[in-house]
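See structure below.
The values are calculated or read from the model by the stated rules, or taken from the named source; none is laboratory data. It should be emphasised that the depicted structure is a prediction, and the values quoted were computed from it without experimental measurement. Counting neighbours? That spans all protein chains shown, and the Cβs are built from the backbone with ideal geometry, glycine included.
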Amino acid sequence: MKAKAFWHNNKNTSEIKTEQLNFSNINQAVKMHTRYSSISIGTEKLVANGEIPLDLYTKMKVNYMGGGFDFPIKYGYSLVGETDDQRWAHVMHPHQDQIIVNDNDCYFFSQEDIDPVAATQFSNLETVINAIWTSKVKQTDIVLVCGTGSVGVLLAQTIKKYIGATVFVQEINPVKKEKLKHFGFDLCENNLEYDITFNVSANQKGLQYCIDHTVEEGKIIELSWYGNNPVLLQLGGNFHYKRLQIISSQVSSIPHEKKEVYSFLTRKQLVEHLLKTIDYKIFISNTILFDELPLYFDQIRKNKPNEDFITIVKY
């Protein structure tokens, strides 16, 4: 059985390659036809540009990844597919049109309960949940989400609809700012300070904005990952005077204080509940075809302005 998979050949080029699939290599093998996958632009851009720190090569590996971070590499981690007997599942898997995976790596869901397009956001919403747990945000908090890419906009929507806190968003792209107002979000006000700020901008200026606009003894939750790119911050102002906390949030493990209550499975079950009750599909503003992935990443490498919240791939 053959499949088409998306590979980065080096930091300048990507292509779709044909490869052979083998049932014998995988226990409890399930064959799936990919219907959609989601692009995590922040991380996948770092991978495509070869900006992964050498000492994180092992930790950054994802299920069914091909090659390595020194190229070539097959990378991606949010795919929705359908089995031959019409079961739908989310799988952490690179962009590929046919896959064979271990049954235990699949999170099966009902198409009647969750739109498969929205289900592409399972992985991003797990990141969102971890950030909410890390921050301990509560309904009475005034919150800022800085940066509205895929994780940022999902985070803002979840805090607003699930937690019930007051949410402001910070976005520099004028097109996205207008869309955010249409979705009912309040744009940040420079004279405000916030109880908790979340930086999801993947930009040091975004993190600095959070530092400069967080209340005394407030928390700044850093979700951005910079790879091997340095970050320059000005900490000589109010950072020490206000006793601010910069706290990392990352999806690959459950926060310690939640481990007795949640596992990776129950975290996914919480995501399923969110997908059933909150409209996230409205933020999927760009859909490209699988064959268009090489061109799309050519544009990403050239830093083409991104006016979309979430981009998914259709197969």
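Below is a table of values for the structure above.
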{"quantity": "Flag if residue 270 is touching a residue at least 40 places away in the same chain (Cβ under 8 Å) and surrounded by 14 or more Cβ atoms within 10 Å (Cβ to Cβ)", "calculated": "yes"}
{"quantity": "Index of the failed condition, residue 297 passing every other in (1) more than 19 Å from residue 158 (Cα to Cα); (2) assigned to a loop (DSSP other than H, G, I, E, B); (3) at pLDDT 95 or above", "calculated": "(2)"}
{"quantity": "Residue that is farthest from the chain's Cα centre (by Cα) [pool: residues in region 21-42 that are surrounded by fewer than 14 Cβ atoms within 10 Å (Cβ to Cβ) and at pLDDT below 95]", "calculated": "24"}
{"quantity": "Residue within region 63-80 that is surrounded by fewer than 17 Cβ atoms within 10 Å (Cβ to Cβ), part of a helix (DSSP H, G or I) and not assigned by TED's automatic domain parsing to the domain that holds residue 202 present", "calculated": "no"}
{"quantity": "Residue in region 285-300 that is surrounded by 18 or more Cβ atoms within 10 Å (Cβ to Cβ), within 17 Å of the chain's Cα centre (by Cα) and more than 14 Å from residue 6 (Cβ to Cβ) present", "calculated": "no"}
{"quantity": "Which numbered condition residue 251 fails, given (1) at pLDDT 95 or above; (2) assigned by TED's automatic domain parsing to the domain that holds residue 138; (3) of a type in the set (A, V, I, L, M, F, W, C)", "calculated": "(1)"}
{"quantity": "So residue 150, is it surrounded by 19 or more Cβ atoms within 10 Å (Cβ to Cβ) and either more than 25 Å from residue 6 (Cβ to Cβ) or not polar (S, T, N, Q) (or both)", "calculated": "no"}
